[in-house]
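**Student:** Starting off with a structure, shown below.
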Amino acid sequence: MYRHALMPALLIPLLLATGCAHRLDRQPAPPPGYIGNYEAVRAAQDDPSRGISGVFALTVQATGTEGERIYLNSERDYRHPLNITLNIDAALRPELEKAFGMKLEQLQNRRVLARGTAGRVRIAFIDSNGRQSDKYYYQTQIQIRDANQLRFAP
């Protein structure tokens, strides 16, 4: 029994070192010239004050709204460490839906390109009384302020 308990401890580092383990993110590799989830999140963590600018390729896995904001997420769980959230001004909805030819919520499982800066944003948890708690996490977001920042990936 002792020998079996050591097996996972020895096998996991071996799989990681040889590249046999699955990637943590479910996003396909970005096309050449575009930035993917891993690179965006890593750069935003490494330089929180500047983040990374460019054109990002991601597959929308989940959508959401809150107040005057629309969110398109690259992971089903928006708290996933490799999630990229496109934070969109709701005033852009009509223009974006016309450009895409569909409701933004229908972009789920579609590949999009977003031009902008991916930066780290501190998100506070809300307690049961509706007040901001002292607990938080970081999310990588790209602010979408112009409809021309977002389009379907080729």
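The values are calculated or read from the model by the stated rules, or taken from the named source; none is laboratory data. In this text the structure is predicted, and so the values were computed from the model without any measurement. Cβ atoms come from the backbone with ideal geometry, glycine included; neighbour counts cover every protein chain shown. We work out accessible area using only protein heavy atoms, side chains counted, and drop any ligands, DNA or RNA first. Shrake-Rupley method; radii C 1.70, N 1.55, O 1.52, S 1.80 Å.
**Student:** Restricting segment 81-122 to residues that are under 16 Å from the mean Cα position of the chain (by Cα) and without any contact (Cβ under 8 Å) to a residue 40 or more places away in the chain, which is nearest to Ala43 (Cα to Cα)?
**Tutor:** Within segment 81-122, the match that is nearest to Ala43 (Cα to Cα) is Val121.
**Student:** Restricted to segment 96-111, and to residues that are of a type outside the set (D, E, K, R) and in a loop (DSSP other than H, G, I, E, B), which residue is farthest from Ile84 (Cα to Cα)?
**Tutor:** Looking at the filtered set, the residue picked out is Gly101.
**Student:** So, in segment 135-145, exactly how many residues are open to solvent by 40 Å² or more (accessible area, probe 1.4 Å) and touching an Asp or Glu at 6+ places or on another chain (Cβ under 9 Å)?
**Tutor:** 3
**Student:** Would you pick out the residues in segment 62-80 that are in contact (Cβ under 8 Å) with a residue 24 or more places away in the chain, open to solvent by less than 60 Å² (accessible area, probe 1.4 Å), in a strand (DSSP E or B) and of a type outside the set (A, V, I, L, M)?
**Tutor:** Listed by number, the list holds a single entry, Thr63.
**Student:** Sticking with this structure for a sec: For residues that are open to solvent by less than 40 Å² (accessible area, probe 1.4 Å) and among the polar types (S, T, N, Q), tally how many sit in segment 96-133.
**Tutor:** If we filter segment 96-133 for residues that are open to solvent by less than 40 Å² (accessible area, probe 1.4 Å), which is where we start, we get 96-97, 100, 102, 104, 107, 112-114, 116, 118-119, 124, 133.
Then keep just the ones that are among the polar types (S, T, N, Q); that gives 133.
Number satisfying all stated conditions: 1.
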